[in-house]
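This report concerns only the one structure given below.
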Amino acid sequence: MAYSLIGKDFTPPDVRAKVTGKAKYAEDFRVEGMVFVKLLLSPMPNAKVRNIDAAEALKMKGVLGILLPEDVPSFPLPRDPILTMEPKYVGQPILAIAAEDETTASDALEKIKIDYEPLPFTVDPLQSLYPGGPDVYPDANVGVRGMPEMKKIKWTAKDFAEAGDTKLPMGEPLAEWKLGDLDKGFSEAQLVMDETFVTAAHSHHSMEPRSAMAYWQNGKCYFHVSTQSQSYPLPLYAEMIGVAPKDLVMISEFCGGGFGSKGSAYVVATIPAHMSKKINRPCMMRLTRAEEYFLGSRRTGIQGRIKIGFRKDGRITAADIYVVQQNGATEGFPDFRNVGGALSMVYQPMNMRWRGISVFTNLPLSTAQRGPGQNQLACMMEPLLDKAARELKLDRLAIRSINAPTTGSKVEERQTPVSSAYISEALMASAAKFGWNEKKKLSGQRKGSKVTGIGVGRAYHPAGSAGFDGLLVIKPDGKIHIHTGIGNLGTYSYAATSRVAAEVLGCNWENVVLERGRTDNHLPWNNGQFGSNTSFTMSRTNYVAAIDAKQKLQEIAAQTLGGKPQDYVVAEEKVTAKADANKSMTFAEAAKKAIELGGKYSGKEIAAELNDLTKRSVEALAGSGLIGVAKDTIPMKDHVPALAAAFMHIELDIETGKWEILDYVATADCGTVLHPKGLANQIRGGGVMGIGMAALERVVYDPQNGLPANVGFYQSKPPSYLDVPSEMQVGWVDKPDPQNPVGVKGVGEPLMGCAASALLSAISDALGGHYFNRTPVMPDMIVNAVAKRPQSYKVLAVNTQ
Amino acid sequence: MTTTDDMAIGRDPVTRRRFIKSIIASGAATSAAAYYLAGCSDGSAPAAGSVERLITLKVNGQDRRVDILPNETLAMTLRYKLGLTGTKLGCDRGECGACTVLINDVGHNSCSTLTHGVRGRAVTTVEGLEGPNGELHVVQQAMIDELGPQCGFCTPGQVMSAVGLLKANPKPTRAEARQAMAGNLCRCGAYDHYLNAVMRAAKSA
Amino acid sequence: MTKDMMPKFDLFQPADIETALKLLDKYGVKAWKMAGGQDSLDWFKDRAKRPEAVIDLSGIEALKGVRETEAGLEIGAMTTLAEIAANPIIKEKFGLLATAASRVASPQIRTVGTIGGNLSQDARCWYYRAGMDCYRAGGNTCYAGTPQGMNREHCLFGASRCVAVTPSDTAPVMVALEAEFVIRSSKGERILPADKYFIGPAVNITHMTVLEPGDILTTIRIPSKWAGAKFYFEKVADRNTWDFALVNVASAMKVKADGVIEDIRIVCGAVECVPRRLNAVEDIVKGSAKNDDTATLAASSAARGAAPLNFNHFKIPLMENLVKRAIRDS
């Protein structure tokens, strides 16, 4: 279909502010009388605070107040507390101090004396599952956000003894599901592998720390925060701050990176709001980079085991996977479930069982990070497929193709059909661009100390959601104001999806004004900018809002100029009679008429099915123009996947364990392309993050004292310019998804997983098929493998070097 | 289509912008009540021979009289005393480059520079790149054309490193540009697009 | 951990060495000598070091610059790493020093980071940097050298209660080149060979160098002995920017026309608290042909005597490989 805006590049409206420094992030705001907040973090991994003595600190000149756990709302476990008297990890905030300046606040913190009662702790799930092992909570050691209860599960010593030191023990799971008949599947297999694997937790490393600033005025809380979205986290932030959603003005025009860590509301950001209420001064809380690591979130670390059977032709007859996730001390995220979902989706095993358990550990929040669960699985599975292909003497693309999903394939326990899947097309497109047939001949070739590795990787994430609201206003000056609460993470999809509304209404992009960034910009209820869903979900909501506006334009024209609504077409910012071009109203005229008519046309009447947040926004906008507003009720029965496939050509120096990426090609299956340049940026950026995940980044904790080792960038190692290729090739399948009116689906997350798994596949390939059973693969591991020395870590160790 | 430059101007009921702007315009010494300073003054006199607190800084071509503590970094001075928040603090440890400014045309991490160390030297921040009528610097325009930024937080630092590079080496190779930009982290991974922008700027300059 | 705000201090910016020395004498252990400040400010922000007076040496012009002398080269201790990496004389005569300087941290750090600071920087043991009360911090324990310690970056040699390593990329180069370090104090000047400048925990567990509170490292003298020799420098780190070496190697070699190695100095960093000169390797290769066999034989002795910790035994093959490369590929 020929579109005038969709699929075309454009300059997103916020990019100029980013290059001029005018873009304001949370820490860039200043308010008269603003003071500073600093946190006191727990030095203990599990403790009870017996006493806090802040008398000396509070006497200091310039110190304005203290915020204690008793001053803030508390939530039922396992929700993250704002402040706590029972810290569950090193770095958990216990109290906050406000002072006229940050140096004084820091000086004051040093004068506070806290008496702790230390408790046993663990940074390893298996330690807690072992009989008699330490539990994070007296009555519970397992649980996760979304599960009904926290409970205690201990495996038996026999479970551990039978598994030995090199295989994951598999005791009682927290949850499980299965498909078909595993025994039958394994009996049909030519090759059965039983692999234990570990994927390390690693931080989000958003460049903007979780700094926040807040103040109160006339009963409203003005809250400057770094968040991936505006609408979605508002109700939760309102609850955490203790204010009605209508009285919370959340300002987040720019978000300096989130990658999942700022997808929903996070508690630490609310501390300045509480402090401000208590001391009646605007409060700025700058979070330090070290604090980002001490209390910030990370991708869930996983200990897993898979038994997998392959037919002679490579088809997976059975897969039995067990996933233990280190949940951190609170909330967590269901990565362990997503591992099973992704296995079912990408590899379509004929018979399958997933079992999993989410174990509390004395560590900070584990939360979603780009491809939560799916990308861990990709890192484990793609090199494992290579290993199977080697054993079965199959082509590495053939073993991928034979197991690949297609449109209509079924996924997960419920066997939901897939609305569109072009992973094999993406793989073949990448292969052609990469020159697979030639490159694969280079595999294992050695020049001096350098060995060529050729890697293939693929990844997946669900790519859309439904049921949210779209909102736009055609103003009497003819401008179209599109309201969007999806957020501004840097993908520019907030703008790209708004262009769908402009496309439907046939208006010039120059006449569109985007209303966004602050909740007092009257935002509709939108999903959060996470989970690769924005493009799919928001193009639907903007579509339905535009259709609503279009209908209203036609009705107004019919009422004003005679005839029936369907006698009119909307194009070129006019509504015109099909039969008579002279019977026409401009958008400006129609907007004025809408105000005159009132009712649904100007937002005076509001549809009951809309979310309360949308209703409030429409109320506020009522009478300002022609309101297009609707809930997205477009049918969505089928599963919408985002998929990506990548190839990587590396040279691995087997004397140093260092690799250089000579070529990278990735292709996305993301439906209709909305914004080519933005997509290209995402494919490359995801690739960079994937390289970090595969071979550089991990969380390390000292098991002796629960202390994090990596609290700076140089220790945590997000990739720099010199760790990634300076040119990456990108492409897309560009086939529409039927469940989106313009064929769009999201794609952010698999773009990381395909690169991560391609690099691991390439490293493995260079080493003649050596499978590490662990992510990331660091230079020391490669050096040891080449020297045929044992690895330093125990097979199942987590949070370790 | 409006730009978010307009949106970026705070609409908070209480705003300090005008106040800060008036100080900037007048070139007067920033009030001792500026953030960051208020409670620090414990009354003890500085030791004999140590630095004078009231100094003149040359920032974006203007002389600015500012009261600077001995333990104050340039990033904090720019952000909290001169209202130049385009310079970002990503780590405060010289590890990410988000706070990069030019000092005598060379890129420095302003978080790891004591303000007293830049007396008499020309400091350029991202706010100092635009021309008198708001024309973008060639690097800024190239960053837009190549869609360099994603989240944008590291962008001012990337822009400043690129400007510094092109002053020292107007026609770099892509490999040279990659080396020169290597101190600027970008978690969104927009490196490739930033390099495209540097090369485009070098071509058009 | 919540720290990032430097405590109060008085800042002095002397313009000459004499003034700086007077200040150092006046403040004694309460003074802090600041070179480029790239590590100093982090220590202050961490509030782990709380000097009363910070003596900023960056205004002392006499401490800057690269000069050719009859004996070789003199480098002012306050010369930046960027200047060293770009200096044509250094590149021509002692290329490995330029290479090593160019591999330190990032362009911004090299712009202000100095050779003196790089050589004199403190240990990067993460427990020590986390503010733990370890031996090096004046306490009575070591957290890294324990059965559960996370010690991948720590030492293979010379442990003595403390297992930290030298983090410097330029220090092994200076030992390889037989540099001399000129140290000034109000009492006068003393000159030490590079390998005497660096000290291990058995000598002084809280210091990495011999510098006393009243001392300033003013100059590094590189003799012309090794000018134009065959050099090798390589740093292996996880990241290619802003990271510390897992192991680095610096070597200078003289090879006769017939391909026989006449003389060599070879030094590894990040394997001991001080740059580790590999005398055994030097003995093995001297008089042998510069070829793969010699390189392999020498490499096999490179890590002799290593006492690895739980997570750092990879440094043994890595060290061996780097030594092999230094001999084979220089």
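Among the residues of the range A:680-705, what is the count of those that are outside any loop (DSSP other than H, G, I, E, B) and either touching a Leu at 6+ places or on another chain (Cβ under 9 Å) or within 23 Å of C:Arg152 (Cα to Cα) (or both)?
17
Every residue, every condition in (1) surrounded by fewer than 24 Cβ atoms within 10 Å (Cβ to Cβ); (2) among the small types (Gly, Ala, Ser); (3) in a helix (DSSP H, G or I), yes or no:
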| position | (1), (2), (3) |
| --- | --- |
| A:Phe530 | no, no, no |
| A:Gln551 | yes, no, yes |
| A:Ile556 | no, no, yes |
| A:Gly563 | yes, yes, no |
| A:Gln566 | yes, no, yes |
| A:Val569 | yes, no, no |
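Select from the range A:191-221 the residues that are away from chain B (no Cβ under 12 Å) and hydroxyl-bearing (Ser, Thr, Tyr) and write down the one among them that is farthest from the chain's Cα centre (by Cα). Here the answer is A:Thr196. For the condition in a strand (DSSP E or B), assigned by TED's automatic domain parsing to the domain that holds A:Ile782 and within 23 Å of A:Lys450 (Cβ to Cβ), A:Ile650 qualifies. Of the strands (runs of 3 or more DSSP E) lying entirely inside the range C:1-72, those containing at least 2 residues that are within 11 Å of chain B (Cβ to nearest Cβ) and of a type outside the set (A, V, I, L, M) are C:10-12. If you go through the range C:284-300 and keep only what is farther than 15 Å from C:Ser251 by Cα and not hydroxyl-bearing (Ser, Thr, Tyr), you end up with C:Gly287, C:Ala289, C:Asn291, C:Asp292, C:Asp293, C:Leu297.
None of A:Ala269, A:Ala265, A:Ala273 is touching a helix residue (DSSP H, G or I) at 6+ places or on another chain (Cβ under 9 Å), more than 11 Å from every other protein chain (Cβ to nearest Cβ), of a type in the set (A, V, I, L, M, F, W, C) and assigned to a loop (DSSP other than H, G, I, E, B) except A:Ala265. Only helices (runs of 4 or more DSSP H) whose full extent lies in the range C:98-192 are considered here, and the ones with at least 3 residues that are in contact with a His (Cβ under 9 Å, 6 or more places away or on another chain) are C:107-112.
Taken over the range B:104-115, residues that are of a type outside the set (Ser, Thr, Tyr), more than 7 Å from chain C (Cβ to nearest Cβ) and not in a loop (DSSP other than H, G, I, E, B) amount to 1. Out of C:Ser186, C:Ser224, one residue alone is in contact with a Leu (Cβ under 6 Å, 6 or more places away or on another chain), among the small types (Gly, Ala, Ser), in contact (Cβ under 8 Å) with a residue 60 or more places away in the chain and over 29 Å from A:Lys717 (Cα atoms). It is C:Ser186. Look at (1) in contact with an Asp or Glu (Cβ under 7 Å, 6 or more places away or on another chain); (2) of a type outside the set (D, E, K, R); (3) touching a residue at least 60 places away in the same chain (Cβ under 8 Å) and you find that A:Gly219 fails only one, number (3). Considering the range B:85-111, and only residues there that are hydrophobic (A, V, I, L, M, F, W, C) and surrounded by fewer than 24 Cβ atoms within 10 Å (Cβ to Cβ), the residue that is nearest to C:Ser106 (Cα to Cα) turns out to be B:Val106.
Among the residues of the range A:656-703, those that are surrounded by fewer than 24 Cβ atoms within 10 Å (Cβ to Cβ), of a type in the set (A, V, I, L, M, F, W, C) and facing another protein chain (nearest Cβ under 7 Å) comprise A:Leu696, A:Val700. In a residue-by-residue description of the range C:277-296, the property of being under 21 Å from A:Ser792 (Cα atoms) and within 14 Å of chain A (Cβ to nearest Cβ) applies to no position. Candidates are the residues of the range C:73-91 that are without any contact (Cβ under 8 Å) to a residue 24 or more places away in the chain and among the charged types (D, E, K, R); the one that is nearest to the other protein chains (Cβ to nearest Cβ) is C:Glu83. Only one of the numbered conditions (1) surrounded by fewer than 21 Cβ atoms within 10 Å (Cβ to Cβ); (2) on the phi < 0 side of the Ramachandran plot; (3) within 13 Å of the chain's Cα centre (by Cα) is violated by B:Gly131, and that is (3).
Of all the residues in the range B:148-205, those that are touching a Lys or Arg at 6+ places or on another chain (Cβ under 9 Å) and of a type in the set (D, E, K, R) number 3.
Identify the single condition in (1) in contact (Cβ under 8 Å) with a residue 40 or more places away in the chain; (2) in contact with a strand residue (DSSP E or B) (Cβ under 7 Å, 6 or more places away or on another chain); (3) among the hydroxyl-bearing types (Ser, Thr, Tyr) that A:Thr288 does not satisfy, given that it satisfies every other one. If we test A:Thr288 against (1) in contact (Cβ under 8 Å) with a residue 40 or more places away in the chain; (2) in contact with a strand residue (DSSP E or B) (Cβ under 7 Å, 6 or more places away or on another chain); (3) among the hydroxyl-bearing types (Ser, Thr, Tyr), just (2) comes out false. Out of A:Pro87, A:Pro13, A:Pro78, one residue alone is modelled with pLDDT of 95 or more and assigned by TED's automatic domain parsing to the domain that holds A:Gly258. It is A:Pro87.
Scanning the range A:504-517 for residues that are over 25 Å from the mean Cα position of the chain (by Cα) and within 21 Å of A:Val618 (Cβ to Cβ), which turns out surrounded by the most Cβ atoms within 10 Å (Cβ to Cβ)?
Step by step, filter the range A:504-517, then rank; the result is A:Leu505.
In the range B:116-205, counting only helices (runs of 4 or more DSSP H) that sit wholly within it, the ones holding 2 or more residues that are more than 26 Å from B:Arg64 (Cα to Cα), within 12 Å of chain A (Cβ to nearest Cβ) and modelled with pLDDT of 95 or more span B:138-145, B:174-180, B:191-204.
Would you mind stating whether C:Ala302 is free of Cβ contacts under 8 Å to residues at least 60 places away in the same chain, of a type in the set (A, V, I, L, M, F, W, C) and surrounded by fewer than 15 Cβ atoms within 10 Å (Cβ to Cβ)? The answer is no for C:Ala302.
The values are calculated or read from the model by the stated rules, or taken from the named source; none is laboratory data. Every value quoted in this text rests on a predicted model; they were computed, and no experiment measured them. Every residue, glycine as well, gets a Cβ built from its backbone with ideal geometry; the counts of neighbours run over all protein chains shown.
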